[in-house]
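A short worksheet on the structure shown next.
The values are calculated or read from the model by the stated rules, or taken from the named source; none is laboratory data. None of these values were measured; they are calculated from a predicted model. Here the Cβ positions follow ideal geometry from the backbone for every residue, glycine too, while neighbour counts run over all protein chains shown.
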Amino acid sequence: MKHETIAGAKIQPLGGLPMTYPTGKSDYLRIAGLWKNFGDFTALRDIDLEVAEGEFVCFLGPSGCGKTTLLRAIAGLDLQTRGTVHQAGQDISVLPPSKRDYGIVFQSYALFPNLTIEKNIAFGLENSKRPKAEIAARVAELLDLVGLPDQAKKYPAQLSGGQQQRIALARAIAIDPGLLLLDEPLSALDAKVRVHLRHEIKELQRKLGVTTIMVTHDQEEALSMADRIVVMNHGVIEQVGTPTEVYRYPKSLFVADFIGETNKLPAKIAANAKVTVGDTEFLCDKHDLPVGADAVAVIRPVDIIPHGSGARSPGAPDVVATPQNLIDAHVEDVEFLGAFWRVRLSAARLGNRILVADFSINAVRRLNIAQGVDMQIELPRERLLIYPTEA
Amino acid sequence: MTVATLPSAKPLRMKLDGDAWTKRAVMVVIGLYLVVALALPLYTMMSKSFTTYVFDLSRYEFQVDDGAGAWGPVVTAEALNQQLGVFSAADLRAGSDSRLAPTKLFPDFSFRSPVKYKIRGVDGAPFLVGLDLKRNGDWLELDSNTFRRVNLRPVQARGFGNYITYFSSPTLVSSIANSLTIATISTIVTIGVAFGVAYALNRSCMPFKGFFRLAMVLPILVPSLLPGIALIYLFGNQGFLKDWLFGASIYGPLGIVIGSVFFTLPHALIIISTALSISDQRHYEAAESLRASKWRTFWTVTVPGARYGLISAAFVVFTLVITDFGLPKVIGGQYNVLAVDIYKQVIGQQNFEMGAVVSVVLLIPAVFAFIVDRIVTRRQVSLLSARSVAYQPKPDARFDALAFVWCALTAIFVVGILAICQYAALVKFWPYDLTLSLKNYAFDRMDGGGWDAYYNSIILASATALVGSVLVFVGAYMVEKTEGFAFGRNVFHFLAMLPMAVPGLVLGLAYIFYFNDPSNPFHFIYGTMAILIICTVTHFYTVAHLTALTALKQMDREFEPVAASLRQPFHKLFFRVTVPVCLPAVLDIFIYIFVNAMTTVSAVVFLYSAHTQLASVAVLNMDDAGDVAPAAAMGMMIFYTNVVARLLHALVSRGLLARTQAWRIR
């Protein structure tokens, strides 16, 4: 199946996937000045966020960053200390969950164990004076939608984890909610099911066009599913952007580090668009750090371009007219990871720091890269990210 | 970058929907039930123990004439008493019913003399003329013959007077030492026996484990005073094993301790067995690989692992023994203990204030044991949550034989006591005519309420179990699943835990004080079946509440949010999911309350009336009246009823599980 490719290859930023920008109103959900304190601990600090209608947004961050707290505030399950939440123009800041308009799927699925699958899905449909036949039809439709049409009479315990998760999803969307909230919906599943299900959820969301917020700590999940990612840390939003934006242009060292893999190099600012690492000056994009300041230069393993032992080889991606930021490196060891090679390099000019680079199988073969070989590598200037050192 | 700080403003409050209001309202209603059925009676009792009655002589004034119409000076009773020293300070301390004849203050008084007397109570101090209560403070002129019929009445005061009286009365104070002694000895013996049995059940490969497990819990099904009756038949004045005691008497501490071991054994066994069963196989493997001896392993792994269970069991047994009243009443002889003192003060001497004082004294060890138990139980929970590998015993012929003998002896003791009761109930006249007959079952010909008492007990047990399990489960649900309202939930939780710390006898006495007051709006339930039901539900509330809480905590916390997001009312979730899923726990609560309501004596003994006599109380009363064999027969009726109830419970549980819990079977 084409979606089960190795994750590393899939998040290649060079692919340049066209972004799907949602077309609906840009502020279907509007969060303003939102705080959440638990005693002295500030779980959320002055959060502002807007979510467009039909958009799929992921809250991404390490555990304890406040992403679940934010979701629960939107759901009315944990009332925020300060701040407002508007949905579809209506102020829902202090409304109880039952007066809000959302469906929710929890990590535990929270399926009612003593009710059959169809009774679970019908749970939200029953009291609204609907005729029985209509409810049955709707349940059948939903079971079809999640691809489990023949499981209606079973109990939740008789289904696999992935199937239970899809039933939970069907139950949540049964009432046509304006907003779908997913709280780590995939983290209790094993890896294979997870990859499969995230594609299905994304497809379903696109089909229904329901505004969706998903909480996850898994960057792959966020990158592959979200229209926009909200990266959070220590109760604040670090960056909001499309998957390619947060991957290619992380706004902070935390984001760069948290999403994808990085080589972090201690650096000094040499000039407006120059930075010194070890004893070498590198070109980089413009930044606004003062000359002489300590900084961190970040380059991702996939962004390091291999060159032969001298001249630049033809046919390498991202060819620039004259190679810049070229340095000598010694291959310490190589590791085959299936779709690419992971190469550990040491560079004398960087103070013998170890750099990790991911090279394509082609490049390794063509350039005869192997353990013990000396070679040249390029740190492309537009891929060299500069951040102030963390306080 | 500047770090934003929290803007100060009024904290936000969630708007409450109908469900939230309903939940809170239901919680408040059940909370109020607990206030009326528990907190207020206890408060009334406490304040009663501080209520004293004294004759305030300074508030009575007299005038005497000379027989010819000339009135002498006004003189107070106090002044007269100081002159004459007729009444000592002790004479002036009174009960609520005491009277004091003022004629003693007049040495020359003769009811035939023509002298007239005037009396008045300053500020309405009360006195009786015949049966006529005067408290208006006016002067009253009486002839000698009428003055003879004047009695002063005590006035109410607050103070430690009752406590002073209590602690200056040697017989009463000796009860404290007696109670502590028998409770301590019983605890040590019971824990020793129970630990042996629990150890054998969990750690040996002996045969008949199932039978032993069953036999050891039988005492739960009978009133605590039943072993006392069996012991009387065995070792009493007419007992056929009397010689075994070498002249010692079973009536007293010996009988109480043996009987206490019998009725507390199951409680201790269940707790210790649980503690032993959670121990970790890996610890034993580690000990074995380190070549530790079995003896050393026992003391370094087994005992520390079960220590919380042992402590908890010890306090439970201690509390049960020190608060038990039936057993020492039946077999205690002249050996006074606190619980019996309460009964004697209230039923025997009608001295309610002193009963209240003893109750407060009895509350102290009970509350202390309760607090220690709560602390220990909390620790043990954290022990339980650790992931461990269950211990698998390996066969060991010598140890298994030893374990078997220990369990067999204990089982013979337990089953033997019951068998003796049954046998004694069936013979014509112990020990002279041992032919079998059913004459002892003709309860209607004895004191104690007859067969009606038995039927009343079944009504009480069923009604209590029904009302109790609904009330407890709904209450536990509301307190567990209500968002916010922390204050209300904490108060509720406290009220729900309180009954465990209150001995039944104390609760019963508190009910008299509270509900027998004609100005109480709930006075009308006094003497009815309703007060027995309310009292029994309250008495056994805590354990039932904890069982319900445990079941509810095992439910997914996200059910309520999901139902709310689907815009379904909470009661739909409650009836369609919560109750069906928790049904096994609800049935457990039901049978727990039923069995206890059948066997309880302590709380209801103060509250039954002529037409609400109970089987368990009948056992006590028949024994008291000398009808020991019928008492044993009634006790065994309770036993069989509980056995049948247990069997029905098992049957119904299985049936219901098969129908409503199909989801449990894959």
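Scan the stretch A:369-391 and tell me whether some residue there is without any contact (Cβ under 8 Å) to a residue 12 or more places away in the chain and either farther than 26 Å from residue A:249 by Cα or touching a strand residue (DSSP E or B) at 6+ places or on another chain (Cβ under 9 Å) (or both). Checked against the condition, which is being without any contact (Cβ under 8 Å) to a residue 12 or more places away in the chain and either farther than 26 Å from residue A:249 by Cα or touching a strand residue (DSSP E or B) at 6+ places or on another chain (Cβ under 9 Å) (or both), the stretch A:369-391 yields no hits at all.
The requirement of being within 14 Å of chain A (Cβ to nearest Cβ), without any contact (Cβ under 8 Å) to a residue 12 or more places away in the chain and either buried (at least 20 other Cβ atoms within 10 Å of the Cβ) or over 30 Å from residue B:18 (Cα atoms) (or both) is fulfilled nowhere in the stretch B:610-632; no residue meets it. Within the span defined as the stretch B:598-611, every residue fails to be more than 14 Å from residue B:533 (Cα to Cα), in a helix (DSSP H, G or I) and in contact with a helix residue (DSSP H, G or I) (Cβ under 6 Å, 6 or more places away or on another chain). The residues on offer are B:480, B:558, and the sole one that is out of contact with any Lys or Arg (no Cβ under 6 Å at 6 or more places or on another chain) and either in contact (Cβ under 8 Å) with a residue 24 or more places away in the chain or aliphatic (A, V, I, L, M) (or both) is B:480. Only one entry in A:185, A:156, A:177 is more than 20 Å from the chain's Cα centre (by Cα), under 20 Å from residue B:563 (Cα atoms) and in contact (Cβ under 8 Å) with a residue 60 or more places away in the chain, namely A:177. Just one of (1) among the β-branched types (Val, Ile, Thr); (2) touching a residue at least 60 places away in the same chain (Cβ under 8 Å); (3) out of contact with any Pro (no Cβ under 9 Å at 6 or more places or on another chain) fails for residue B:22. It is (3).
The residue that is farthest from the other protein chains (Cβ to nearest Cβ), counting only those in the stretch A:120-144 that are touching a residue at least 40 places away in the same chain (Cβ under 8 Å) and part of a loop (DSSP other than H, G, I, E, B), is A:125.
Considering only the stretch A:212-225, state which residues are surrounded by 19 or more Cβ atoms within 10 Å (Cβ to Cβ) and either over 19 Å from residue A:69 (Cα atoms) or without any contact (Cβ under 8 Å) to a residue 60 or more places away in the chain (or both). Step through it out loud before you land on a result.
Just the residues of the stretch A:212-225 that are surrounded by 19 or more Cβ atoms within 10 Å (Cβ to Cβ), to begin with: A:212-216, A:219, A:221-223, A:225.
Answer for the stretch A:212-225, where residues must be surrounded by 19 or more Cβ atoms within 10 Å (Cβ to Cβ) and either over 19 Å from residue A:69 (Cα atoms) or without any contact (Cβ under 8 Å) to a residue 60 or more places away in the chain (or both): A:221, A:223, A:225.
Taking first residues from the stretch B:205-231 that are not assigned by TED's automatic domain parsing to the domain that holds residue B:260 and partners that are among the hydroxyl-bearing types (Ser, Thr, Tyr), no Cβ contact under 7 Å between residues at least 6 apart in sequence or on separate chains turns up.
Within the stretch A:324-391, which strands (runs of 3 or more DSSP E) (wholly inside it) include 3 or more residues that are within 32 Å of the chain's Cα centre (by Cα)?
On the way: elements: A:326-336, A:340-347, A:353-360, A:374-378, A:385-388.
Counting at least 3 such residues, we get A:326-336, A:340-347, A:353-360, A:385-388.
Any chance the stretch A:160-183 includes a residue that's surrounded by fewer than 15 Cβ atoms within 10 Å (Cβ to Cβ), within 14 Å of another protein chain (Cβ to nearest Cβ) and of a type in the set (Lys, Arg)? So far as the stretch A:160-183 goes, no, none of its residues is surrounded by fewer than 15 Cβ atoms within 10 Å (Cβ to Cβ), within 14 Å of another protein chain (Cβ to nearest Cβ) and of a type in the set (Lys, Arg).
Do we have any residue at all in the stretch A:161-183 that's modelled with pLDDT under 95, over 25 Å from residue A:216 (Cα atoms) and not assigned by TED's automatic domain parsing to the domain that holds residue A:226? Among the residues of the stretch A:161-183, not one is modelled with pLDDT under 95, over 25 Å from residue A:216 (Cα atoms) and not assigned by TED's automatic domain parsing to the domain that holds residue A:226, which makes the answer no. With respect to (1) within 21 Å of residue A:111 (Cα to Cα); (2) surrounded by fewer than 17 Cβ atoms within 10 Å (Cβ to Cβ); (3) more than 13 Å from chain A (Cβ to nearest Cβ); (4) of a type in the set (A, V, I, L, M, F, W, C), the lone exception for residue B:552 is condition (2).
Identify the residue in the stretch B:288-306 that is under 44 Å from the mean Cα position of the chain (by Cα) and aliphatic (A, V, I, L, M) and, among all such residues, is surrounded by the fewest Cβ atoms within 10 Å (Cβ to Cβ).
Filtering the stretch B:288-306 down to residues under 44 Å from the mean Cα position of the chain (by Cα) leaves B:294-306.
Now drop any that are not aliphatic (A, V, I, L, M), which leaves B:301, B:303, B:306.
On the way: B:301: 17, B:303: 12, B:306: 25.
Selected residue: B:303.
In the stretch B:539-549, the residue that is nearest to the other protein chains (Cβ to nearest Cβ) out of those that are surrounded by fewer than 24 Cβ atoms within 10 Å (Cβ to Cβ) and farther than 30 Å from residue A:104 by Cβ is B:547. Screening the stretch A:204-310 for strands (runs of 3 or more DSSP E) wholly inside it with 2 or more residues that are closer than 21 Å to residue A:358 by Cα and not small (Gly, Ala, Ser) returns the ranges A:263-271, A:294-299, A:305-307. Can you name the residue in the stretch A:38-69 that is closer than 17 Å to residue A:184 by Cβ and surrounded by fewer than 19 Cβ atoms within 10 Å (Cβ to Cβ) and, of all such residues, is farthest from the chain's Cα centre (by Cα)? So the residue we want is A:64.
For the stretch A:32-63, filtered to residues that are away from chain B (no Cβ under 12 Å) and not in a strand (DSSP E or B), the residue that is nearest to residue A:207 (Cα to Cα) is A:54. Here is the figure for the stretch B:500-514: residues that are surrounded by 24 or more Cβ atoms within 10 Å (Cβ to Cβ) and in a helix (DSSP H, G or I) total 9.
Applying the criterion of being surrounded by fewer than 18 Cβ atoms within 10 Å (Cβ to Cβ) and not in a loop (DSSP other than H, G, I, E, B) to the residues of the stretch A:70-112, the residue that is farthest from the other protein chains (Cβ to nearest Cβ) is A:86. Residues in the stretch B:116-171 that are within 42 Å of the chain's Cα centre (by Cα) and farther than 21 Å from residue B:97 by Cα: 4 in all.
Counting the residues of the stretch B:238-287 that are touching a Ser or Thr at 6+ places or on another chain (Cβ under 9 Å) and more than 28 Å from residue B:214 (Cβ to Cβ) gives 4.
For the stretch A:145-159, give me each residue that is within 12 Å of chain B (Cβ to nearest Cβ) and either buried (at least 20 other Cβ atoms within 10 Å of the Cβ) or closer than 16 Å to residue A:110 by Cβ (or both). If you could, list the steps in order and put the result at the bottom.
First pass over the stretch A:145-159, keeping only residues within 12 Å of chain B (Cβ to nearest Cβ): A:153-159.
A:155, A:156, A:157, A:159 - these are the residues of the stretch A:145-159 that are within 12 Å of chain B (Cβ to nearest Cβ) and either buried (at least 20 other Cβ atoms within 10 Å of the Cβ) or closer than 16 Å to residue A:110 by Cβ (or both).
Only one of the numbered conditions (1) farther than 30 Å from residue A:81 by Cβ; (2) in the same structural domain as residue B:603 (by TED's automatic domain parsing); (3) surrounded by 15 or more Cβ atoms within 10 Å (Cβ to Cβ) is violated by residue B:59, and that is (2). A Cβ distance below 9 Å, combined with a sequence gap of six or more or placement on separate chains, defines the contacts here; from the stretch B:566-590, residues that are more than 8 Å from chain A (Cβ to nearest Cβ) and in contact (Cβ under 8 Å) with a residue 24 or more places away in the chain reach residues that are part of a helix (DSSP H, G or I) and among the basic types (Lys, Arg) in the pairs B:570/B:23; B:570/B:481; B:574/B:481; B:578/B:481. Selection within the stretch B:26-72: residues that are part of a strand (DSSP E or B) and within 38 Å of the chain's Cα centre (by Cα). The member of this set that is nearest to residue B:518 (Cα to Cα) is B:51.
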